[in-house]
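Here the structure is laid out as structure tokens; the discussion comes afterwards.
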Amino acid sequence: MHKRFIIGVALVTTLLGAGCSAPAKVVTPTPAITAPDTTALVADTAGGLLDAHVFKHPKYGYTIQYPANWGLAQLSDSPTAVVFKNHSPDVITKLKKDFSANLIIQKDGGPDGSLDLFVARLKKEIGGFANSKISNERTVKLGDGDAHYLTVIARQEGFDLTEIYVAVKKGSDKYLLSATAPTEFWSKYSAAFDAALVTFKP
């Protein structure tokens, strides 16, 4: 497995393939989400986040809302990653293979520095994979701070994955939020992904 600080295709497969742990007690249902700040990354909150769950990390304290029909798949401190995945996998047309769209939060343990340095390190890691290409990037408002948003197309054996990476820095803490789904199903999840990302509170 490639060693890199980002959660990419190889590590996503490893984490999700290891089996699902029982949902943590800190995951509690909430009847509805608060509409995202319109100055933040714009998202259609009707895209799967109504009747969302709220997750609060028991150690780091950050919170995020995720769709009610998704589940907590992994809570681990090594690496410091939390994985959520869709309970209803899509079948990749060409391969007749199941793939569960997923949302991952990772607290970065790299050297301290600016958001720009964090993003530069992330882009270098992505550039080290011949099958991955950044197709779009922009700086966005996420909560009360800035974040950098990258869209990546990752070519797999017989199909493409679309991944988004959002680098967030608040004080000395840095987080990487990522979401992955087969490209052929991306439009099905993009609004829900964006709506979840804007609820992230470090």
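Got a number for residues in segment 161-175 being under 16 Å from G143 (Cα atoms) and assigned to a strand (DSSP E or B)?
Of the residues in segment 161-175, 8 are under 16 Å from G143 (Cα atoms) and assigned to a strand (DSSP E or B).
Does F129 fit the bill of being surrounded by 12 or more Cβ atoms within 10 Å (Cβ to Cβ), touching a residue at least 40 places away in the same chain (Cβ under 8 Å) and not in a loop (DSSP other than H, G, I, E, B)?
no
Filtering segment 161-175 down to residues that are of a type in the set (G, A, S) and closer than 22 Å to T199 by Cβ, which residue is surrounded by the fewest Cβ atoms within 10 Å (Cβ to Cβ)?
Looking at the filtered set, the residue picked out is G171.
Only residues that are touching a Ser or Thr at 6+ places or on another chain (Cβ under 7 Å) and at pLDDT below 90: list them for segment 127-146, please.
Answer for segment 127-146, where residues must be touching a Ser or Thr at 6+ places or on another chain (Cβ under 7 Å) and at pLDDT below 90: K141, D146.
Among the residues of segment 139-160, how many are assigned to a strand (DSSP E or B) and either surrounded by fewer than 23 Cβ atoms within 10 Å (Cβ to Cβ) or more than 17 Å from the chain's Cα centre (by Cα) (or both)?
Qualifying residue count, segment 139-160: 13.
I'm checking my understanding of the structure. Among residues of segment 93-113 that are at pLDDT 85 or above and in a strand (DSSP E or B), which one is farthest from F200 (Cα to Cα)?
The selected residue is D98.
Restricting attention to segment 61-87, which residues are at pLDDT 85 or above and either under 16 Å from K169 (Cα atoms) or part of a loop (DSSP other than H, G, I, E, B) (or both)?
G61, Y62, T63, I64, listed by residue number.
I'm trying to understand the selection: among the residues of segment 176-198, which are assigned to a helix (DSSP H, G or I) and either charged (D, E, K, R) or buried (at least 23 other Cβ atoms within 10 Å of the Cβ) (or both)?
Within segment 176-198, E184, K188, Y189, A192, F193, D194, A195, A196, L197 qualify.
For segment 167-177, how many residues meet the condition of being over 14 Å from E125 (Cα atoms) and under 11 Å from the mean Cα position of the chain (by Cα)?
Final tally of qualifying residues: 2.
The values are calculated or read from the model by the stated rules, or taken from the named source; none is laboratory data. Predicted, not measured: the structure shown is a model, and the values here were computed from it. Glycine also receives a Cβ, built like all others from the backbone with ideal geometry; neighbour counts cover every protein chain displayed.
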